[in-house]
Every structure is written in structure tokens, then in C-alpha cells.
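> Mind having a look at this structure? Questions to follow.
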């Protein structure tokens, strides 16, 4: 009997110890979880728990088992929540794409692609010229120019991080989404790929277009002695004019004319018109892009025309230059010997001139958002012009 009583007492002792061990383990698990969640989570629980321990007890009963199972299995606490949630991964991918989209300044990429396609079509003399060889040559030029475009706009952002925190805080480098090291890696990679593709293609007009764009784009942005030409309003405008109006028109036309079609260099009437018209447009873009950036440029000593002359004056100078360019285009179209070219050119440029004037009169020059929106509208006019240029004959 003594042995039986002793065994009963021993079993009771074991049960009590097991119960205590489980409760202690659960308390420790709760303490660790509270420590992991932090003070903010505890405050949140207290804010939600107006009844004291009831909600905490409910939370405890519902989650301590899950926590203890993970701890017993040797899994780290971080693996419990949503570390491998497909939605989180997909959101990360979308955020990465969105950041690169903003980093690439898509309006400049679209402008570059349209300009290359447009001037390449000027080299087409008949329908048989629209061969796979033509499309391959145009695609090579677009991809190489796209890579160089990313280098140029990326270098500009690397050089203007502090300015962009005032003017364009949504850009990845200014917002902190990209580190400086990430930015350097991106621009270096795209620069190498651009020159590599230009060399592999074997087109000297294409290669020289990339090289001159690289030199002017670097000199425009990089903060080194005798460089950073954007600090001078005149030199900055000349850089943009040289690339957008001259290099793009002539070099990419010659790429198709000489490399793709193996024809001698020739400068046709439509090509001369495209170069002259886009010279006006490039000057307007160079002047107008600084109008919404007046605050940051003033703080950091960038002496743009807008800083010197004021937003309103530069705004109407830009509108006047574009209206003059449209007027010349209408006269040129009226003198064309091709009826289709005459009708499309005259009607198209007249409509664009009227739309520009009507939109300009309604812009609130005291609103940065309104000015920025109008700047993007000018880029749309830029795109529209490249749709008309191939029809100029």
C-alpha cells in the first residue's frame, strides 16, 4: 500500500511539473512574441483591449500554439508571418518595375524611339524598301539608343539628387528607393550595352550617334571641372539641340541610308525640314523643362533662363517659338507638289498650332502641377510631329 501511495504521489508530482512547464513555456513564448512585435504592437493591443486581459487571453490562446509549434520545429520566428507570400513577391516585382520606369524618364524614351522610326522612314523610297532588313536595322538603332538614353537620364539623376529632392522627389534616387551604388551600376551597365551593341551592328553612323550623345550627355550632367554644362542656360540648350535636333535626325537617317540600304549619303528636303523643325522644338524643350524646376534651380545656383527671366516670360517665349515653327511647316506643306503631303502637312500643323494656343491660354503659371502637365503636353506635340514628318515630301 505504501508503494501504491508513493506511486500515486509520484504521478501527481509529474503532472504538476508538466503543467507548470507548459505554462512557463507559454509565458516565455508570449514574452518573446511581445518583445519581437515591439512597443508599438503592445500599445496597439492595449488600445484595442479596453477590457484588460480578455482580448490578450483570446490572442494568446489562438496564437501561442502556432508559435510553440514553430519554435519546437526549429523554425525561425521570421518565417511564420508572410515571408513567402506570393502577393508580397509580386508587389516587390511591381515596385521594382515602377521604380525603373520612373528612373528611365519614359517620355524621353518614347521620344527617342519615335524619332528614330520617323527619320528612318525618310530613307524609304518605295514599298519594297520596307523589308525585314529595314525593320532589323531600325530595331538595332532603337535598342542601342534606348540603352544610351538610360545612361544619360540616369547620370543626370545621380548628379542632381539634392536638386531632385526639391524638384522631383518621386524619382528613385531622390526618394531613396535606389542607392547611389544602384544608380551607378545601372548607368554603367546600360552604357556598356549601348556601345557593345553599336559596335556589334557595325554601323558607323549609329556608333558615332551613340558616342556624341555619350559625350554631350556626360558633359551636361557630371559635376567635374569645366563640365556640368547644365549650369549655363545657353550651353545646356545647345547640348539638347545637338542631340535631339541634329544627331537623331542625321545620324539615324544615315544609319538606314548607308548601313541598311548601302546607298550613298543624301540629304533630302524632308530631312532638312525635320532637322530645322526639331531644332525649334529642342530649344523649346530645353527652355521649358526648367520652368517647373525653378525652386530647386534657384536654391542650388542653376542659372537657367527661367531663374533669370521668370516663368511667365520663358513660358510665352516657348509658345511663340513653337507657333513660328508650325507656321513655317504650313508654308512648306503648301509648297509641296504632292497633294496628299500638302493636305496632311497643312491641316496637321494647323490643328496642332491651334490646340497649342488654346491649351497655353488656360495654364495656371502659379501652379507647378499645371506647368508640369503642360510640359508633358509639349512632349505629346513632339511625338505628333514625328508622325507627320514621314509624310513631308
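Please treat every number below as a calculation from the coordinates, not as lab data. It should be emphasised that the depicted structure is a prediction, and the values quoted were computed from it without experimental measurement. For neighbour counting, all protein chains shown are included, and Cβ atoms are generated from backbone atoms with ideal geometry for every residue, glycine included.
> Between the range 246-270 and the range 273-290, what is the separation of their alpha carbon centroids in Å?
Here the two parts' Cα centres lie 21 Å apart.
> How big is the range 236-309 by the Kirkwood estimate over distinct Cα pairs, in Å? Please list the in-between numbers first.
Details: mean 1/r = 0.0714 Å⁻¹.
This gives a value of 14.0 Å.
> Rank by packing, highest mean first: peptides 149-162, 298-311, 350-363, with packing defined as the count of other Cβ atoms within 10 Å averaged across residues.
Averaged packing, sorted descending, gives the order 149-162, 298-311, 350-363.
> If you don't mind, another one. Within the range 297-333, what residues put their amide N at less than 17 Å from the label point 7 Å along the Cα-to-Cβ vector of residue 364?
Only 312 fall inside the zone, counting backbone N under 17 Å.
> Same structure, new question: Below 8 Å between Cα atoms, with a sequence gap of 6+, how large is the relative contact order for the range 103-264 in percent?
It rounds to 30 percent for the range 103-264.
> Right, here's the next one. What's the extension gain from residue 204 to residue 324 if we count 0.36 nm per residue and subtract their Cα-Cα distance?
Here the answer is 39.7 nm.
> Classify the range 209-360 as rounded, prolate or oblate, taking a ≥ b ≥ c as the square roots of the eigenvalues of its Cα gyration tensor: rounded when a/c is under 1.5, otherwise prolate if a/b is larger than b/c and oblate if not.
Since a/c reaches 1.5 but b/c is at least a/b, the shape of the range 209-360 is classed as oblate.
> Could you calculate the contour length gain from residue 223 to residue 188, that is, 0.36 nm times the residue separation minus the distance between their Cα atoms, to one decimal place in nm?
10.9 nm
> Sort 324, 148, 376 so that the residue with the fewest other Cβ atoms within 10 Å of its own Cβ comes first and the one with the most comes last.
Taking fewest neighbouring Cβ atoms as first place, the list is 376, 324, 148.
> Arrange the following residues from fewest to most other Cβ atoms within 10 Å of their Cβ: 261, 386.
By the 10 Å Cβ count, ascending: 261, 386.
> Using a 7 Å offset from the Cα along the Cα-to-Cβ direction at both residue 212 and residue 129, what is the distance between the two label points in nm, to one decimal?
2.1 nm
> Is the range 181-235 rounded, prolate or oblate when judged by the Cα gyration tensor, a ≥ b ≥ c being the square roots of its eigenvalues, rounded requiring a/c under 1.5 and prolate requiring a/b larger than b/c?
Note, shape of the range 181-235 comes out oblate.
> If you rank 191, 322 by fewest surrounding Cβ atoms within 10 Å, what's the result?
Working: 191 21, 322 24.
With the sparsest Cβ surroundings first, the list reads 191, 322.
> For the range 103-264, go through all pairs of different Cα atoms, get the mean of 1/r, take its inverse, and jot down that Kirkwood value in Å.
Evaluated on the range 103-264, it is 16.5 Å.
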